[in-house]
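Enquirer: Below is one structure. I have some questions about it.
The values are calculated or read from the model by the stated rules, or taken from the named source; none is laboratory data. Note that the structure is predicted; figures quoted are calculated from it, not measured. For neighbour counting, all protein chains shown are included, and Cβ atoms are generated from backbone atoms with ideal geometry for every residue, glycine included. To get the accessible areas, we keep the full protein, side chains included, count just its heavy atoms, and leave off ligands, DNA and RNA. Shrake-Rupley method; radii C 1.70, N 1.55, O 1.52, S 1.80 Å.
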Amino acid sequence: MTIAARIQECTNKLALGDAENAFIQLAIAIDGTAKQLYSRKKTSERCKQFLKDSLPFILWSLSNGTPAKTGSLSFEISNSSEYIEFEDIVYKVMRCSLLHDGELSEKVEFVNAAYIGTLNGKLQFPLALIGSLLFAVIASPVNERQRVSESTSFTFGTTKVPVNHMLGSLERTKRAIRNGFLYDVEHLIENSRS
């Protein structure tokens, strides 16, 4: 299957509310995208590098366009002062547990909420994180020639945007996502400087 087919499957699973199977398809799409970007690295290294490089965009899309220049994001996932980097959580704790063990790690859960947090020793990720990770795959320049079904789209605010319009372009993807922001922090900051 192509990266486009994985993107298609991920969007289909998201539409059904099936977060775990959406994430499985997403993990494979991340693998394929990362392989094209960092072909000389091992699978784990290239996937984590893609996640680390995409982190500012992922955070931007989750936070109404709040600019993020961070190169790392760490989480405490237990009461033992153990910290783990974002890319390690996504790759090792989420991806590997689903693909190799057949179930999501008990350390993590997807929640229908607008926050990332911890509860009872579990790291809680919003369902929107799957979308933000998917948008990072969609926006990657190496996926410019990928094509999904013409009917596959996302609605941002009141604007319906075909995935094919966003594929391979960070700028077009950001422009589309901005339509769904309640307010655009990045533009507010830019306008306050003028």
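Enquirer: Determine whether the stretch 3-11 contains at least one residue that is outside any helix (DSSP H, G or I), in contact (Cβ under 8 Å) with a residue 60 or more places away in the chain and not hydrophobic (A, V, I, L, M, F, W, C).
Expert: Keep residues of the stretch 3-11 that are outside any helix (DSSP H, G or I), which gives none.
Within the stretch 3-11 (the criterion being outside any helix (DSSP H, G or I), in contact (Cβ under 8 Å) with a residue 60 or more places away in the chain and not hydrophobic (A, V, I, L, M, F, W, C)), the answer is no, since none of the residues qualifies.
Enquirer: Take the stretch 122-175 and flag every residue that is open to solvent by 50 Å² or more (accessible area, probe 1.4 Å) and within 22 Å of Arg46 (Cβ to Cβ).
Expert: Within the stretch 122-175, Pro141, Glu144, Arg145, Leu170 meet the criteria.
Enquirer: Still on this structure, I have one more. Tell me, please, whether a residue that is out of contact with any Asp or Glu (no Cβ under 9 Å at 6 or more places or on another chain), in contact (Cβ under 8 Å) with a residue 60 or more places away in the chain and within 17 Å of Asn12 (Cα to Cα) can be found in the stretch 185-193.
Expert: No, the stretch 185-193 contains no residue that is out of contact with any Asp or Glu (no Cβ under 9 Å at 6 or more places or on another chain), in contact (Cβ under 8 Å) with a residue 60 or more places away in the chain and within 17 Å of Asn12 (Cα to Cα).
Enquirer: Pairs please, first residue from the stretch 53-76 and surrounded by 15 or more Cβ atoms within 10 Å (Cβ to Cβ), second anywhere and aromatic (Phe, Trp, Tyr), Cβ atoms under 6 Å, 6+ apart in sequence or on different chains.
Expert: Once the first residue is surrounded by 15 or more Cβ atoms within 10 Å (Cβ to Cβ) and sits in the stretch 53-76, its partners that are aromatic (Phe, Trp, Tyr) give Ser61/Phe135; Asn64/Phe181; Asn64/Tyr183; Gly65/Phe181; Ala68/Trp60; Leu73/Phe86.
Enquirer: Among (1) of a type outside the set (Phe, Trp, Tyr); (2) free of Cβ contacts under 8 Å to residues at least 60 places away in the same chain; (3) open to solvent by 30 Å² or more (accessible area, probe 1.4 Å); (4) part of a helix (DSSP H, G or I), there is one condition Leu99 misses while meeting the rest; what is its number?
Expert: (2)
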